Each structure stands twice: as structure tokens, then as C-alpha cells.
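Data first, discussion second: the structure below is written as C-alpha cells.
Every read-out reported here was derived from the displayed coordinates using simple, explicitly stated rules and does not represent laboratory data. Bear in mind the structure is a predicted one, so any value in this text is a computation, not a measurement. Because the Cβ atoms are built from the backbone with ideal geometry, glycine has one as well, and the counts that use them run over all protein chains shown.
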Amino acid sequence: MLKRIYLFFFTYMASMFFAQTLVIFWLSKNGFGFFQLLIYYIVAYLVALAGIFFFPAGEISARKSIFFGILFSMLQVFVLIKIFGVYQLYLSGLFSGLNVIFFWIPYNAMHFKFSHEDNHGLHSGMYYLITPILGITLQPLTGIVAEKFGFVTVFLIGVSLYIIPLILLRFLPSFAYEINVKKYFLLHSFNWSTFFQGMMSRVNYSFIPIFTLFFVKTPRQFGNFFGYLALMTAVASIINGHISDRMKNRKIFFYLTSTLSVLSFLLLPLAQNSYQWHIFAGIGSLSITLASPFWLAFNLDHYKGLGIEKTMALRELFLNLGYVATLAVGLVIFYFTSSAKTSLTIITLICLLLPVVSYYQRVYRK
């Protein structure tokens, strides 16, 4: 069953890479600046939060939910193929948020529901390994195709590729899960560690793509940059996940990789040219990829009594709170200072709290 799940995820991520790698570059090319690109991201995660809090109570089929999640991922790109107005930015963000609700929560639950509990670190490593393996080739390829045949061709190919995971979906297991986990949120203490993990993730997956626009000028350079980041991170997470399972003690890896990731991100605002940006962003991306499997494994351990389905929904809730907080801070600082670099600097300083709050939350301290 795990082979089917991995194959499905591989085809979904391949489709998403081809469809979405150049979206930020495309939006920038059509006149959207730093402030608007942050809004694009924040709309998505506000929608996701609203769904997790206010979706009608009750269980739904994971397989049907993932089906709609894939459709929303297709629509997220499709509405941007031809830009007519700023409303498309918000519409694409809306579909992105719905994709979080309907795809990522049930898929994450499925991924770990059908893996052995003793190997959660290994499978979280595999989870994070598939993405860079694909990114090494597909992300540079999108830039090449865009320069030769145009952005519309890239987006249409990407949207068409989603047909493959839609077909494979019928071979996946089905189970029921809840989207609305507000009652479980109220019953548990605030998960500060996962909240700050969300903040860190948005630096990597929102601020780095946006700031890359300041240092590269062509779609091929943009795609090559993310292929380079994928190459930097391809092996690290699976090795660390395997080691932590063998040692049965994730504490040292959790705190070591968390500390390295927050320290490495302090370098980002110091970049003055493309060469420095490539080095600093590469170090940051490598560090957070090393940490991500242990952050995921922590949530599986932390909410062990709730079951995989509720665990993944709660994890998404706290991550999305962190996403929104990061983007909101960035928006506010940029509004008052008109400096994107100041926004990034302050956010990376705030992220230094991750290992601190994890320690006081007693993460892996018994």
C-alpha cells in the first residue's frame, strides 16, 4: 500500500512543480510587487485556517477530499494563465487555501496512517525526499520551457499533468477524517513549537521565492535556482530520519537541526548579490530540510493519543497560524518601512525563538 501512496505523491508533486514553480515569477512579471505577493500567500493560509476552524463538523471521505484538493490545485494555476486584474491574485490564493484543507490534511494522514509507527522518522524523511528529487530536474525544466515556448505552455502542461494523480487516486486507501478540529484545539495547550515551525517554513517557502526575484531576471535562472536548492537538500532528510529511528531518541536531532535552521536564516538579509544569495539561501534551505522530518515526527509523537487524522489536522492548524503570523509581520513592517529587507531581518530574528519555545514546551523533555 505504501508503494501506491508514494507513487501517487510522486505524480502529484511532479504536476505541482511543473504547474507552480514559476507562479511567483509570473506574478512579478505582471506587475505584482513584494506587498501584493505577501498578500497572495496570506489569503491562502487565512482560507485554510477558516476551513480548519469553521468547516461543518463531521467526517468526510479522505479519497473524495483529495480529489477536490487536486482540482483546487489545478484551479490555483489555471486562473493565473492570463492576468486581467488583482482579483485573480485573491482567487488563486483562495484555491491554494482550499487545497491545504482538502488535499494536504488527508494526504498527510494517509502517508503516516499506513506506515509503521517505529519508522515515522524514516517515512517523514521519505516524505521530504520526494520533493527535492523531483525539483532537481523539473524546476529547471519549467524555466527552459517558459523561455522557449512561453509561460502559458508551462502552466497548461502542469495543469494537464494533474490527470495522472487523479487516475491513481482510485488505487489509494480510503478512510474518514475530520477537517474541523476546533474542539481538539481548545482541549490542548497551544503548540508553540509547531507555530514557530510554521513561521520558519514560510521564510523558506514564501520569502525566499519572493527575494529570489531581486537576484534573478529570467525564468530559466529562477527555475535553475530552485533546482539548485533541491540538489542541496535531496539526501539529508532521509538519512536523519533513519538515524533517529535507529537511536529511538529524536531529542538531539530535533534541537540540533532546529537551532541550525534558525541560525542559518539569519544570513539571508545579508546577501548583497546573486552569488551571496545562492549560498545563503542554499544553506537555509538545506538546514530547514534537515529539520523538517523531526518537526513532523514531533507532532506525530506529541498528539499520539489522538490518532493520525486529528494529529495532521491539528498540525496544519498550528502551522497555518505560524504562516499567517509570518506574512502579517512582513506586511506590517513593509507597510511602515517600505523595506523588504527589514521585514525579512525582523522575521528571521523572531524565528530564533523556535528552539527556546520548544524547550519550555518540554518538547522531548520527560
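Could you work out how much longer the chain between residue 50 and residue 341 gets when fully extended? Use 0.36 nm per residue separation minus the Cα distance between them, nm to one decimal.
Numbers: separation 291, 0.36 × 291 = 104.76 nm, distance 3.00 nm.
Gain on stretching residue 50 to residue 341: 101.8 nm.
Could you calculate the FRET efficiency of residue 189 with residue 148 from 1/(1 + (r/R0)^6), where r is the beta carbon distance between them and R0 is 56 Å, rounded to 0.05?
Numbers: r = 53 Å, r/R0 = 0.95.
For residue 189 and residue 148, the calculated efficiency is 0.55.
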Roughly how many nanometres apart are two label points built 7 Å out from the Cα toward the Cβ at residue 160 and residue 59? 4.0
Arranged from highest to lowest average of other beta-carbon atoms within 10 Å per residue, in what order do the peptides 154-162, 50-58, 288-296 appear? 288-296, 154-162, 50-58
Which parts of segment 29-64 would a label at residue 7 reach, counting a residue when its backbone N lies under 20 Å from a point 7 Å out along Cα-to-Cβ? 63-64
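Semi-axes of segment 2-360's equivalent ellipsoid from the Cα gyration tensor, sqrt of 5 times each eigenvalue, largest first, rounded to whole Å? The partial results should precede the final answer.
Working: eigenvalues 157, 120, 86 Å².
For segment 2-360, the semi-axes come out at 28, 25, 21 Å.
Using the count of nearby Cβ atoms within 10 Å as a rough guide to exposure, how do 264, 193 rank from fewest to most? Provide the component values of the computation, followed by the final result.
Details: 264 21, 193 27.
Lowest to highest Cβ neighbour count: 264, 193.
Return the subset of 64/148; 3/251; 217/310; 217/251; 82/341 for which the Cα-Cα distance in this structure is over 32 Å, preserving the input order. Before the final figure, lay out each step's value.
Working: 64/148 37 Å; 3/251 29 Å; 217/310 43 Å; 217/251 42 Å; 82/341 30 Å.
Too far apart for the 32 Å limit: 64/148; 217/310; 217/251.
Starting from 0.36 nm per residue, how many nanometres of slack lie between residue 176 and residue 205 once their C-alpha separation is accounted for? If you can, show how the numbers build up before the last one.
Details: separation 29, 0.36 × 29 = 10.44 nm, distance 2.98 nm.
Value of the extension gain: 7.5 nm.
If each DSSP helix of 4+ residues adds -39,500 (n - 2.57) and the sum is divided by the residues in the chain, what number results at 222 nm, nearest 500 deg cm²/dmol?
Working: 19 runs with 275 residues, N = 366.
It comes out at -24500 deg cm²/dmol, rounded to the nearest 500.
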